[in-house]
Each structure stands twice: as structure tokens, then as C-alpha cells.
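Some notes on the structure that comes next.
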Amino acid sequence: MDSSTRPAPSIHEPLAQDRPLARRPAWRRALSWLLVFALLAALLAWAAPRLARGLAGTQSYSLARLGVAEVQRGTLVRDVAGEGRVVAAVSPTLHAGSAGTVSLLVQAGDSVRQGQPLLHIASPELEARLAQERSQADAAQSEWLRAEADARQLRAQAQGQLETAEIAHRTALNELARQTQAFDAGATARMQVDQARDAVARAEVALRQARELLGLRDEATRFEMQARRQAWERQRLLVRDLERQQAELTLRSPISGQVGQLFVADRMAVARDARLLTVVDLSRLEVQMQVAESLARELAPGMPGEIGSGARRWAATVSSVSPEVVDGEVAARLRFAEAPPEQLRQNQRLSVRVLLDRREGVLTLARGSFVDENGGRVAWVLKDGQAERRAIRLGAQSLAQVEVLEGLAPGERVVISGSEAFGDAQRVTIAP
């Protein structure tokens, strides 16, 4: 059979190749859908907080750029710390009482005793004035003594006139008695009796004048002597004052201690009231520190403190607080509770700490810029990746901590710095 007569192959339909598949059970289909729903629920639970945070805060801030602190319950210590310098509680400065030339008897650093001569000032002007005033005092005394002699002489004359008047008065009385007796006997005329009576009247007037003159003389003498004596005493007081100034030309140490700073050199001419030197009492040393005016109002004498040098610490108390503010600061002094340590020197630098207040069992938070940004009335609390704005109330504040009175609880984390970028938002997102 040739190829032209060969029959064409037949095409079989695919129906013969189809095989019926077994149908999946219904419980398997339910299990598959259940797994799908569980996966979707887990995915929704994971994405829901992030979606909520994304909807709540329009901006996200990095946690690494924020300062965060935890609210804790503990002890709040308020203190003032700084650097102080050693000063002498007693350190008098000696001044020149008169102008002159200085002769030093000691040098800086010398130990001196109370009353020991330190220097002498030569003042020719003062010496000349003292000699002149002494001469005037001697002249005033001579005038007083001469006035006393003149007064005695004048009183003697007045006393003699009084005695003469008394004798004349007695003579007139005797003459009147004789004339009266003679008139009664008829031996004399009435006129003689009248003349004798007139003589008695004149003698009485003279006697009265003599007595008054003596009294006036005594009174005048008393006033004059008083004036003369006062003039002499005034001059004598002036001499004593000049003698005191002359004695002060030799300056003596008012305390036992050490010569501090010398403001003059030997054989140097100084003016009156010029500073000469200081004497330091090394047994009574204190430490002076400068305190800001805002904290100075809380300082008071008697507050406990601490003075340190390296690893060593000494107990101290505040001895005085200056009432004057200079450049926004107030000077405060601390006294050692016990004897000052040895080897301390004037103006030596030491660390100083003064305890202002100590509060136990209070809520505390580290101090940050949030205290100054909002006056301490607002804080941002971290929770679930967000920072929530919350009103708070602060109490006492120290350099490192603040006391929380309201608005925060122990264990909460608060943004203490960097929150100025949050603005007025109520809630912001914090990225890890």
C-alpha cells in the first residue's frame, strides 16, 4: 500500500485523558481560612500601635537627642557649693595717724606679739606743733595763777573797805549814844543829836555798799577764775591729744599674729590716714565664698557647711553673711567647727559647701532645662513610644535635683532636656 492510499491518523479528543479529582474535605477549607484570619489579626495587632502613633503625632523625635530621667523617691539635698579663699577673721589694717617718714621695724611674715612696735613715723610738723601748744598751755596756766593773785589782792582791798565801814558805823553809833545821853542830861543841843543820827545813817550806807562790793568782787573773781582755768584746761587737753598723736607715731601690733602685707617701704613719706600694713591672726582663720544673690537670701549664720582640700574635709558653720551685694554676689564666711588645720595660708583656695535644706522621702527628678523653659509647670512623660504633655508642680530645687509635688509618679520617665522642640503639642512620637 502506497502512501497515497494510507489512511490519515485520527485525532483523539482530550476527554479521554481527563481524570476526576477527589474533592477536599470541608474541615480543611475551614482550617485554611482560620489560619488566614489569625495571620491578619496578628498583623493588625502589630501595626495598630504604630498606626495610632503615626496618626497622633505628626512629627517624630529621636530619643538619642533628648535628656530623660526617672522620677524617684528619696532624699533631696539643697546646698550651695563653690570655691572659697582663706581669710583671717581678725586682720586689722594699720593707718598713719600723721604725715611723715616711715621707719620699718618688721618685715612681712614676721611673727609679732600684741603691743610690739611695728614701725615709727617721723613727723617734724607734729613735734613743732606739740612744742607750740605746750608753750601756750604754760602761758595759760601762768595767766590763771596771775589772775588768782590779782583776785586775792582786790578782795583784800574790798575786805579792808568793809572793815573800815564797819568801824565807822560803830563809831557813829557810839557818837549817837553819847549825844543822846548828853541831850537827856541837858548838856548838849538837839542839833548835836540829829547830826550824830545822820552820821549813823551815812555809816550804815557805807557799810552796806562795802558788803555789796565785797560780794560782787567775789562773784566776779569766781567767774574770771573759772574762765582762766577752763582756758588752761582746754589748752592742756589739746596738748594731751597731740601727745597721744605723737605716741601713735610708733605703731604697735593690736594683736598677736603675723605681719601680713606691707603697703609702704622703709624711709617712705606717707600722708595722713595712709595704709601701712596688716597684721593677721593665724589662730582664727575663716573661708570666704561668693554666693549668687538669688541664693544668698537663704543663707543665715549658723547653717552647717563643709570645707575641703583634696580628699580632706572639715566641718564648718556659716559665721556671717555680708549685707551688701557686689556684682550680683554676696560674700559669706565659714568658720571651722574645730581648730583650723595647720599649714593654711592667707588667700589659699579651698572647696566650700553649705547645706541649705535636707528633705527625706520626697519625689525627686533630675534638674534639667524643662525647669526654666516652662517655669517648672509642664513636663513631657514617656510612655509607649510617645511623649505626653502633663501639668506638674515643683517644690524645692537644688543644683542637681528638683522636688515633685504634683503630676508625676515614681518610676515614670520624663524628658528633662530637649523638649523645647515639641512646642505646644499635647503628644509627640519618640523614635528609638
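Return the residues of segment 369-393 that are without any contact (Cβ under 8 Å) to a residue 24 or more places away in the chain and in contact with a strand residue (DSSP E or B) (Cβ under 7 Å, 6 or more places away or on another chain); say none if nothing qualifies.
Answer for segment 369-393, where residues must be without any contact (Cβ under 8 Å) to a residue 24 or more places away in the chain and in contact with a strand residue (DSSP E or B) (Cβ under 7 Å, 6 or more places away or on another chain): Arg377, Val378, Arg390, Ala391, Ile392, Arg393.
Looking at this structure, is Leu399 in the same structural domain as Val71 (by TED's automatic domain parsing) and surrounded by 18 or more Cβ atoms within 10 Å (Cβ to Cβ)?
no
Out of everything in segment 308-340 that is aliphatic (A, V, I, L, M) and closer than 17 Å to Val77 by Cβ, what residue ends up being surrounded by the most Cβ atoms within 10 Å (Cβ to Cβ)?
The selected residue is Ala316.
Only one of Leu105, Leu154, Leu130 is surrounded by 12 or more Cβ atoms within 10 Å (Cβ to Cβ), in contact (Cβ under 8 Å) with a residue 24 or more places away in the chain and either closer than 30 Å to Ala206 by Cα or not assigned by TED's automatic domain parsing to the domain that holds Gln226 (or both); which?
Unique residue meeting the criteria: Leu154.
Determine whether Arg170 is in the same structural domain as Asp266 (by TED's automatic domain parsing) and exposed (fewer than 14 other Cβ atoms within 10 Å of the Cβ).
It is false that Arg170 is in the same structural domain as Asp266 (by TED's automatic domain parsing) and exposed (fewer than 14 other Cβ atoms within 10 Å of the Cβ).
Only one residue in Arg50, Arg85, Arg73 is surrounded by fewer than 17 Cβ atoms within 10 Å (Cβ to Cβ), of a type in the set (Lys, Arg), at pLDDT 85 or above and within 28 Å of Ala409 (Cα to Cα), so which one is that?
One residue alone meets the criteria, Arg73.
Restricting to segment 328-347, count the residues that are in a strand (DSSP E or B), basic (Lys, Arg) and over 14 Å from Gly82 (Cα atoms).
1
Could you list, in sequence order, all residues of segment 282-305 that are over 21 Å from the mean Cα position of the chain (by Cα) and surrounded by 18 or more Cβ atoms within 10 Å (Cβ to Cβ)?
Of everything in segment 282-305, just one residue is over 21 Å from the mean Cα position of the chain (by Cα) and surrounded by 18 or more Cβ atoms within 10 Å (Cβ to Cβ), namely Leu282.
Let me confirm something: among Val325, Val352, which residue is in contact with a helix residue (DSSP H, G or I) (Cβ under 7 Å, 6 or more places away or on another chain) and either at pLDDT 85 or above or outside any loop (DSSP other than H, G, I, E, B) (or both)?
On inspection, the qualifying residue turns out to be Val325.
Filter segment 375-411 for residues that are under 21 Å from Arg359 (Cα atoms) and of a type in the set (Asp, Glu) and give the result.
If the condition is that a residue be under 21 Å from Arg359 (Cα atoms) and of a type in the set (Asp, Glu), then Glu403, Glu406 are the ones that fit.
Out of curiosity, is Val279 of a type in the set (A, V, I, L, M, F, W, C), over 22 Å from the mean Cα position of the chain (by Cα) and either in a helix (DSSP H, G or I) or modelled with pLDDT under 90 (or both)?
No, not satisfied.
Tell me, which residue of segment 213-228 that is among the charged types (D, E, K, R) and closer than 11 Å to Glu148 by Cα is surrounded by the most Cβ atoms within 10 Å (Cβ to Cβ)?
Checking each candidate, the answer is Arg228.
The values are calculated or read from the model by the stated rules, or taken from the named source; none is laboratory data. Computed from a predicted structure; not experimentally measured. Note that we place each Cβ from the backbone using ideal geometry, even for glycine, and neighbour counts take in every protein chain shown.
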